[in-house]
């Protein structure tokens, strides 16, 4: 990986790429915009092939690398893989292959271990994340004295992708996932997918104040700040000290699908009317899919 220690002013002004299988990474984008308001952002939602949680490992790695390479071609100076599934399965491979710094995401096992008083914590994540060696290593490293209850969030990513964050059917689905954790004594719930912070209100309607919810998006933004500083790539505001740091910073939204849901959720979450570009990012596995369909 290149170190970029002699970064130029133009490279500092280059955008950060943020990538997710779909819309969940908007929770990370929100945190990055709040923490690093001078940064330009290119967000890619691979919604045509979401959710990744039910895809095989090779497919996830293939798409993560293809989108990373596309963002490099768009001039990105750093990449945030804002998808727990893609991070867990493929970030080591992608980090070796790309020429820019990468930041991944991972379930907040460490903060859960620090927070939990009952020493029982639930983890809601995709099946791919829960079965990954990276996740198992996290538990072994940070939660030796913690009982960790792992629950695959089947159907939750799909609900968020269709902008359903509060329907009665969704609440019942969530109830089936979190009430057994409460019954087992869990006082902490790790939201182990970047889609799941959108479900905060629905989860709260079930658990009330009996659980602390752990969302790692702010920690990701801080780690990105550290990486940018380490490589001399952090953008500087146009007029330091005048309180207008966010002016001029922008986000470019791209989707491999039609972009309608991305625009809807960007309006709901970020309060902006996003113009979404529909982009084609072919890869080895998607070419195979299209060949088989033909």
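The values are calculated or read from the model by the stated rules, or taken from the named source; none is laboratory data. Only a predicted model underlies this, so the values are computations on that prediction, with no experimental measurement involved. Here the Cβ positions follow ideal geometry from the backbone for every residue, glycine too, while neighbour counts run over all protein chains shown.
For segment 70-91, filtering for residues that are part of a helix (DSSP H, G or I) and either under 20 Å from residue 289 (Cα atoms) or in contact with a strand residue (DSSP E or B) (Cβ under 9 Å, 6 or more places away or on another chain) (or both) leaves 10. Apart from one condition, residue 276 fits all of (1) surrounded by 14 or more Cβ atoms within 10 Å (Cβ to Cβ); (2) at pLDDT below 95; (3) in the same structural domain as residue 47 (by TED's automatic domain parsing); (4) touching a strand residue (DSSP E or B) at 6+ places or on another chain (Cβ under 7 Å); the exception is (2). For residue 2, state whether it is farther than 19 Å from residue 125 by Cα, over 16 Å from the mean Cα position of the chain (by Cα), surrounded by fewer than 24 Cβ atoms within 10 Å (Cβ to Cβ) and modelled with pLDDT of 95 or more. The answer is no for residue 2. I need the full set of residues from segment 113-145 which are under 24 Å from residue 225 (Cα atoms) and touching a helix residue (DSSP H, G or I) at 6+ places or on another chain (Cβ under 8 Å), in order please. Correct list: 134, 135, 138, 142.
Scan segment 205-224 for residues that are crowded, with 19+ Cβ neighbours inside 10 Å and at positive phi and jot them down. Within segment 205-224, no residue meets the criteria. Every condition in (1) assigned by TED's automatic domain parsing to the domain that holds residue 177; (2) surrounded by fewer than 17 Cβ atoms within 10 Å (Cβ to Cβ); (3) not in a loop (DSSP other than H, G, I, E, B) holds for residue 202 except the one numbered (2). Taking residue 121, is it at pLDDT 95 or above and in a helix (DSSP H, G or I)? Against the criterion (at pLDDT 95 or above and in a helix (DSSP H, G or I)), residue 121 does not qualify.
Can you name the residue in segment 212-228 that is touching a helix residue (DSSP H, G or I) at 6+ places or on another chain (Cβ under 7 Å) and assigned to a helix (DSSP H, G or I) and, of all such residues, is nearest to residue 76 (Cα to Cα)? Outline the logic, then answer.
Our first condition is that a residue be touching a helix residue (DSSP H, G or I) at 6+ places or on another chain (Cβ under 7 Å); within segment 212-228, this holds for 212-215, 217-218, 220-222, 224-225.
The next check asks that each one be assigned to a helix (DSSP H, G or I); those that pass are 217-218, 220-222, 224-225.
Numbers: 217: 20, 218: 21, 220: 17, 221: 16, 222: 18, 224: 13, 225: 15 Å.
Here the residue is 224.
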